[in-house]
Amino acid sequence: MIGEILAELVGEAAFGRLGRSQRIQVVLRVGFGLLGTFLGVAGAVHFWRTPGSISNPSLHASMQALFAFLACFSLFNIALKRSWRWPGAGFVLSFVALFATRILCGP
């Protein structure tokens with residue numbers, strides 16, 4: 001219920017005053033999609049370049065996968081407005097793998 005109220009307020013703030021223009025919606029969607037893509041790629045590259053920062057290699061690999069799938073999800077599903085399920089499923093699986101490797105293998 002609170003999420004619906006916040007979504008309505010944010011949607012009204014973003015699109016209400018701007019006249020609900022299709023062009024504004026596309027610009028905002030592409031902007032946020034590219035921002036998420038850039039942050040996901042930056043996170044994946046950061047963990048790829050610093051292999052000694054985490055002593056557990058499986059935790060390190062799942063962290064790289066998490067950021068890579070976040071970048072794919074942001075680019076394909078948000079910026080390009082595709083309804084592909086594999087980036088979201090990969091993100092969820094890598095998120096679960098992150099916790100599983102942390103619990104099972106330690107730090």
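The values are calculated or read from the model by the stated rules, or taken from the named source; none is laboratory data. Given the structure is predicted, the values throughout are model-derived calculations rather than measurements. FYI the Cβ positions are ideal-geometry reconstructions off the backbone, even for glycines, and counts take in every protein chain you see.
Quick check, is Ile78 surrounded by fewer than 17 Cβ atoms within 10 Å (Cβ to Cβ), on the phi < 0 side of the Ramachandran plot and β-branched (Val, Ile, Thr)? Before the answer, list the steps.
On the way: surrounded by fewer than 17 Cβ atoms within 10 Å (Cβ to Cβ): no; on the phi < 0 side of the Ramachandran plot: yes; β-branched (Val, Ile, Thr): yes.
When the stated conditions are applied, Ile78 does not pass them.
Name the single residue, out of those in the stretch 13-50 being in a helix (DSSP H, G or I) and surrounded by fewer than 11 Cβ atoms within 10 Å (Cβ to Cβ), that is modelled with the highest pLDDT.
Filtering the stretch 13-50 for residues in a helix (DSSP H, G or I) gives 13-16, 22-49.
Remaining after also requiring surrounded by fewer than 11 Cβ atoms within 10 Å (Cβ to Cβ): 13, 22-23, 49.
On the way: Ala13: 56, Gln22: 81, Arg23: 82, Arg49: 86.
Result: Arg49.
Could you please find all residues in the stretch 97-107 being loosely packed, with under 13 Cβ neighbours inside 10 Å, assigned to a helix (DSSP H, G or I) and either at pLDDT 90 or above or not aliphatic (A, V, I, L, M) (or both)? Show your work before the answer.
If we filter the stretch 97-107 for residues that are loosely packed, with under 13 Cβ neighbours inside 10 Å, which is where we start, we get 99, 103-107.
Restricting the remaining residues to those that are assigned to a helix (DSSP H, G or I) gives 99, 103-105.
Matches in the stretch 97-107: Phe99, Cys105.
Go through (1) surrounded by 18 or more Cβ atoms within 10 Å (Cβ to Cβ); (2) in contact with a Phe, Trp or Tyr (Cβ under 8 Å, 6 or more places away or on another chain); (3) not aliphatic (A, V, I, L, M) and name the single condition Trp84 misses.
In the conditions (1) surrounded by 18 or more Cβ atoms within 10 Å (Cβ to Cβ); (2) in contact with a Phe, Trp or Tyr (Cβ under 8 Å, 6 or more places away or on another chain); (3) not aliphatic (A, V, I, L, M), Trp84 misses (1) alone.
Just to be sure, is Ser94 of a type in the set (S, T, N, Q), in contact with a Phe, Trp or Tyr (Cβ under 8 Å, 6 or more places away or on another chain), surrounded by 13 or more Cβ atoms within 10 Å (Cβ to Cβ) and part of a helix (DSSP H, G or I)?
Values: of a type in the set (S, T, N, Q): yes; in contact with a Phe, Trp or Tyr (Cβ under 8 Å, 6 or more places away or on another chain): yes; surrounded by 13 or more Cβ atoms within 10 Å (Cβ to Cβ): yes; part of a helix (DSSP H, G or I): yes.
When the stated conditions are applied, Ser94 passes them.
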